[in-house]
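Worksheet: the structure to be examined is printed underneath.
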Amino acid sequence: MIKAITKIGNSQGIIFDSALMELAHLKVGDEMSVTCHDGGSIILTPTRPLIDPEQAAKSAKRIIGKNEELFRRLS
């Protein structure tokens, strides 16, 4: 897939059309890590949390509740 760099306001950018966004499993607002290599290669990598924050909170509450006595003795 070939994309052209275009002027966007006072900057330049590449437009990601909906097909590319879907292919890469991206959505507006996703954060990207940008790595530049010798020779001009630019790598964009989505920075996704390993676990959904809401799921992490639910899991933590469940684990704390299950092991409440153990945590109390350790504190």
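Any read-out appearing in this document is the output of simple, stated calculations on the displayed coordinates, not a laboratory observation. Everything numeric in this text was worked out from a predicted model, so none of it was measured. All Cβ positions, even for glycine, are placed from backbone atoms using ideal geometry, and neighbour counts span all protein chains on display.
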Sites matching trypsin sites (Lys or Arg not before Pro) across the chain that sit in DSSP coil, with at most 10 neighbouring C-beta atoms within 10 Å: Lys27
Cα-Cα P(r), the chain, percent of pairs per 10 Å interval: 13, 30, 22, 14, 12, 9, 0
Separation of alpha-carbon centers, the stretch 54-70 and the stretch 1-53, rounded to whole Å: 36
Proximal lysines to Lys66, defined as alpha-carbon separation beneath 19 angstrom and excluding residues fewer than eight positions away on the same chain: Lys58
Calculated [θ] (222 nm, deg cm²/dmol) that DSSP helices of n ≥ 4 give over the chain, each run adding -39,500 (n - 2.57): -10000 deg cm²/dmol
Using θ = phi - 60° and Karplus 6.51 cos²θ - 1.76 cosθ + 1.60, couplings along the stretch 40-47 (whole Hz; Gly, Pro as x): x, 6, 10, 10, 9, 10, x, 9
Selected from Ala24, Gly39, Gln55, residue furthest toward positive end of dipole (the chain; charges at beta carbon): Gln55
Assigned charges on the beta-carbon of Lys, Arg, Asp, Glu; the chain dipole about Cα centre (debye): 380
Computed over the chain: relative contact order in percent, which uses C-alpha pairs under 8 Å that are six or more apart: 14
Helix axis angle, 53-66 relative to the chain longest principal axis, alpha carbon, degrees: 10
